[in-house]
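Trainee: The structure follows.
The values are calculated or read from the model by the stated rules, or taken from the named source; none is laboratory data. Here the structure is a predicted model, which means the values were calculated and not measured. Note: ideal-geometry Cβ built from the backbone for every residue, glycine included; neighbour counts use all protein chains shown.
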Amino acid sequence: MRSNPRVVLLPATVAALVCVAVLGSGMLRAQPWPYAPPPPMAAPSNPMAQRSALQSVQSQVSWFQNSTRAASSYQTGAYGTVWQQFQILRGAYNAFTGTLTSQQLSQGGNELAELQGGLDVLQEAFTNYQQEVADGESSASALNDMCQVLYQASGVWLQELNSVSNRLRVGWQ
Amino acid sequence: MKPSSNPRPRSCGVPAALFVGVLLATAGCASDKPNSPMPAAREDVKELRQITADSIKAVKVTLRSLDRVSAQVPCPPRVSDSFARDIQRLEVQSFKMRAHAQAIRARGQAYFDQWHEHLAALHDPKLRKRAVERHDLLQQSFDKIRDNAQQARAAFQPFMSGLHRLRNALVNDPSAAASDAKKNLIRTTRENGQKVAAGLDAIQNELKTVADTLKQAKLSQ
């Protein structure tokens with residue numbers, strides 16, 4: 001007696017469909033429904049990202065110091081160049097703090113606030129420059145004074161940054 | 001049949017495969033945080049005492065320089081050059097102090113809480129105990145430090161501004177200090193400088209009180 005192929009195939013097809021449904025539901029569970037928008041990009045806080053962000057701040061301090069050194073040689077736009085470099089430094093520092101772990105942020109709360117305060121103090125030199133120029137001081141002389149102070153004070157700030165980073169073990173494996 | 005004296009070595013394929021599997025499965029589980037524990041907290045009191053001492057020295061040097069400038073009319077170039085250098089040195093040497101004052105103002109009570117945490121994390125158990133027992137006393141000291149830091153910080157800005165204006169006036173006219181307007185500028189600048197010095201002295205005294213409070217614990221051991 002020959003068996004009907006339809007009778008044999010039907011249970012096999014049903015079994016295969018059940019398997020696909022069971023396994024497929026597990027796979028589909030990985031995709032939330034409705035599809036949520038991706039979470040906002042947070043800066044990675046792994047050691048490599050921290051080292052890279054720290055190096056970026058250190059380099060930017062050098063660029064900033066170079067701009068204060070070279071400012072007197074610019075025919076025009078010296079103040080704007082120094083100001084721009086300072087704003088890039090602030091941005092680099094903010095990006096650096098974004099790579100720190102919650103433990104580092106908590107442990108170094110005061111020290112990081114002091115570094116931030118240091119940047120605020122540096123920024124005051126720009127306000128002083130504007131005040132001096134408004135008071136009638138020659139812009140070249142006021143710029144020279146501002147740049148000398150910024151050059152030295154940013155060096156102090158960099159030492160603090162390195163010291164704090166070392167204490168917080170920034171970029172350690 | 002005699003059993004083989006050299007039995008076939010057991011295959012290590014399965015444990016090896018399991019080991020590789022575990023490695024692969026946990027490859028993405030590396031912690032983002034540094035593995036090493038956090039280092040010992042910094043010595044806040046000692047550090048702040050040093051920073052304050054540096055600032056007091058720079059302010060007092062500049063005040064003496066201001067006195068020399070106002071005492072000689074016309075001001076000799078040597079004296080005015082020295083005055084300009086002292087001003088610049090003051091701006092740099094007071095940098096850390098101003099940054100600390102800014103941080104204390106920005107963080108407020110959180111600054112003290114961490115400060116106290118650091119004291120309570122000292123290696124010496126007696127000092128640790130003392131820091132915890134004397135929390136209220138330390139809080140009072142911190143409040144005084146915070147108030148004096150704000151006072152010094154507030155006076156620092158007009159002090160520096162007055163110094164800059166006087167320095168610029170002397171560059172243009174060595175006899176500038178003879179005019180009534182500049183005499184007035186010298187007086188107000190000196191007053192502001194004295195306020196800064198008084199604020200810093202008060203901070204230093206308070207820090208000494210804190211250090212003594214903790215030292216007593218060490219002596220009583």
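Trainee: From B:L63, B:L24, B:L48, grab the single residue that is more than 16 Å from the chain's Cα centre (by Cα) and either modelled with pLDDT under 95 or at the interface with chain A (Cβ under 9 Å from one of its Cβ atoms) (or both).
Mentor: Result: B:L24 is the single residue among B:L63, B:L24, B:L48 that is more than 16 Å from the chain's Cα centre (by Cα) and either modelled with pLDDT under 95 or at the interface with chain A (Cβ under 9 Å from one of its Cβ atoms) (or both).
Trainee: Got a number for residues in region B:47-60 being without any contact (Cβ under 8 Å) to a residue 60 or more places away in the chain and farther than 16 Å from B:R89 by Cβ?
Mentor: Looking only at that region, the number is 2.
Trainee: With respect to the numbered conditions (1) over 26 Å from A:V164 (Cα atoms); (2) surrounded by fewer than 16 Cβ atoms within 10 Å (Cβ to Cβ), which one is the sole condition not fulfilled by B:I87?
Mentor: (2)
Trainee: Would you point out which residue out of A:Q60, A:Q152, A:Q85, A:Q65 is polar (S, T, N, Q), surrounded by 15 or more Cβ atoms within 10 Å (Cβ to Cβ) and at the interface with chain B (Cβ under 9 Å from one of its Cβ atoms)?
Mentor: Values: A:Q60 fails: at the interface with chain B (Cβ under 9 Å from one of its Cβ atoms); A:Q85 fails: at the interface with chain B (Cβ under 9 Å from one of its Cβ atoms); A:Q65 fails: at the interface with chain B (Cβ under 9 Å from one of its Cβ atoms).
Testing whether each residue is polar (S, T, N, Q), surrounded by 15 or more Cβ atoms within 10 Å (Cβ to Cβ) and at the interface with chain B (Cβ under 9 Å from one of its Cβ atoms) leaves just A:Q152.
Trainee: Something else: For region A:119-129, state whether one or more residues are touching a residue at least 40 places away in the same chain (Cβ under 8 Å) and facing chain B (nearest Cβ under 9 Å). I'd like the intermediate steps shown before the answer.
Mentor: First, the residues of region A:119-129 that are touching a residue at least 40 places away in the same chain (Cβ under 8 Å): A:126, A:129.
If we keep only those that are facing chain B (nearest Cβ under 9 Å) too, we end up with none.
The answer is no, given that none of the residues of region A:119-129 is touching a residue at least 40 places away in the same chain (Cβ under 8 Å) and facing chain B (nearest Cβ under 9 Å).
Trainee: Quick one: in region B:155-175, which of the residues that are of a type in the set (A, V, I, L, M) and in contact (Cβ under 8 Å) with a residue 40 or more places away in the chain is farthest from A:D145 (Cα to Cα)?
Mentor: First, pick out the residues of region B:155-175 that are of a type in the set (A, V, I, L, M): B:155, B:160, B:163, B:166, B:169-171.
From what is left, the residues that are in contact (Cβ under 8 Å) with a residue 40 or more places away in the chain are B:155, B:160, B:163, B:166, B:170-171.
Values: B:A155: 21, B:M160: 13, B:L163: 13, B:L166: 14, B:L170: 15, B:V171: 13 Å.
So the residue we want is B:A155.
Trainee: Also, I was wondering about something else. Looking at region B:118-160 only, could you name the residues that are in a helix (DSSP H, G or I), aliphatic (A, V, I, L, M) and either in contact with a Gly (Cβ under 6 Å, 6 or more places away or on another chain) or under 19 Å from B:L214 (Cβ atoms) (or both)?
Mentor: B:L119, B:A120, B:L127, B:A131, B:V132, B:L137, B:L138, B:I145, B:A152
Trainee: A follow-up question, please. Tell me the residue from A:Q85, A:Q55 that is at pLDDT 95 or above and out of contact with any Phe, Trp or Tyr (no Cβ under 7 Å at 6 or more places or on another chain), please. Step through it out loud before you land on a result.
Mentor: Working: A:Q85 fails: out of contact with any Phe, Trp or Tyr (no Cβ under 7 Å at 6 or more places or on another chain).
Just one listed residue meets the conditions, A:Q55.
Trainee: Related question: Within region B:83-103, identify whether any single residue is within 12 Å of chain A (Cβ to nearest Cβ), touching a residue at least 40 places away in the same chain (Cβ under 8 Å) and among the hydroxyl-bearing types (S, T, Y), and answer yes or no.
Mentor: Within region B:83-103, one or more residues are within 12 Å of chain A (Cβ to nearest Cβ), touching a residue at least 40 places away in the same chain (Cβ under 8 Å) and among the hydroxyl-bearing types (S, T, Y).
Trainee: Is it the case that B:A149 is of a type in the set (A, V, I, L, M), surrounded by fewer than 16 Cβ atoms within 10 Å (Cβ to Cβ) and within 14 Å of chain A (Cβ to nearest Cβ)?
Mentor: No; evaluated as a whole, the condition is false for this residue.
Trainee: List the number of the failed condition for A:Q104; all other conditions in (1) of a type outside the set (A, V, I, L, M, F, W, C); (2) exposed (fewer than 15 other Cβ atoms within 10 Å of the Cβ); (3) at pLDDT below 95 hold.
Mentor: (2)
Trainee: State the number of residues belonging to region A:155-172 that are of a type outside the set (A, V, I, L, M) and either in contact with a Ser or Thr (Cβ under 8 Å, 6 or more places away or on another chain) or facing chain B (nearest Cβ under 8 Å) (or both).
Mentor: So the answer is 6.
Trainee: May I pose another question? Hey, among the residues in region B:161-212 that are among the charged types (D, E, K, R) and touching a Leu at 6+ places or on another chain (Cβ under 9 Å), which one's nearest to B:A53 (Cα to Cα)?
Mentor: The first filter runs over region B:161-212 and keeps only residues among the charged types (D, E, K, R), leaving B:165, B:167, B:173, B:180, B:182-183, B:187, B:190-191, B:195, B:201, B:206, B:208, B:212.
Add one more test, that the residue is touching a Leu at 6+ places or on another chain (Cβ under 9 Å), and what stays is B:165, B:182, B:190.
On the way: B:R165: 26, B:K182: 30, B:R190: 19 Å.
Looking at residues that are among the charged types (D, E, K, R) and touching a Leu at 6+ places or on another chain (Cβ under 9 Å), I get B:R190.
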